[in-house]
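Below is one structure, written out as structure tokens, with a few remarks after it.
The values are calculated or read from the model by the stated rules, or taken from the named source; none is laboratory data. As the structure is a computational prediction, the values presented were derived from the model and not from experiment. All Cβ positions, even for glycine, are placed from backbone atoms using ideal geometry, and neighbour counts span all protein chains on display. Protein only, heavy atoms only, side chains kept; ligands, DNA and RNA dropped before computing areas. Shrake-Rupley method; radii C 1.70, N 1.55, O 1.52, S 1.80 Å.
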Amino acid sequence: QVHLVESGGGLVQAGGSLRLSCTVSGRTFSGHAMGWFRQAPGKEREFVSTINRNGDRTYYDDSVKGRFAISRDNSKNTVYLQMNSLKPEGTALYYCAARYGLNSAIYYTDLRDYTCWGQGTQVTVSS
């Protein structure tokens, strides 16, 4: 497994924006599909977004579609989650996840699809 470290979380007012980053160690980043998940207190960890290893295929949960954008820079071993128009219900611990060798033509939205996880970065959206 690779090592993932998220950053960029913080406190933001409703309607504001944050950009999360996830930096992945090793030289195999380009071989990994990447995902973002979030978990609020008392809630199950839920899918947010995913991007394939090529960066040419993305998918979003309906709850964030149109507001969030996932991207990756393989030269920097980093995946990003740009979060706009944040809502209080977006308050959660956001996790970056990776899985090597997934089919680049398929969306992976289940947390069980991923094998490597970061420590999470807290996003708090105030109303």
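Values computed for the structure shown
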{"item": "Residue check for Y94: surrounded by fewer than 22 Cβ atoms within 10 Å (Cβ to Cβ) and in contact with a Gly (Cβ under 8 Å, 6 or more places away or on another chain)", "result": "no"}
{"item": "Whichever residue in the range 97-127 is open to solvent by 60 Å² or more (accessible area, probe 1.4 Å) and not polar (S, T, N, Q) and, among such residues, is farthest from R67 (Cα to Cα)", "result": "Y100"}
{"item": "The range 42-77, residues that are part of a loop (DSSP other than H, G, I, E, B) and under 19 Å from S21 (Cβ atoms)", "result": "N52, R53, G55, V64, R67, N74, S75, K76, N77"}
{"item": "Residue satisfying all of: in the range 1-51; open to solvent by 60 Å² or more (accessible area, probe 1.4 Å) and among the β-branched types (V, I, T); nearest to D73 (Cα to Cα) among these", "result": "T23"}
{"item": "Selection within the range 75-91 - touching a residue at least 60 places away in the same chain (Cβ under 8 Å) and either open to solvent by 40 Å² or more (accessible area, probe 1.4 Å) or not hydrophobic (A, V, I, L, M, F, W, C) (or both)", "result": "Y80, Q82, N84, S85, K87, P88"}
{"item": "Any pair with Cβ under 6 angstrom, 6 or more apart, that starts in the range 61-74 at a residue that is farther than 13 Å from F47 by Cα and ends at one that is of a type in the set (A, V, I, L, M, F, W, C) and open to solvent by 40 Å² or more (accessible area, probe 1.4 Å)", "result": "none"}
{"item": "S104, sole failed condition from (1) touching a strand residue (DSSP E or B) at 6+ places or on another chain (Cβ under 8 Å); (2) within 18 Å of E6 (Cβ to Cβ)", "result": "(2)"}
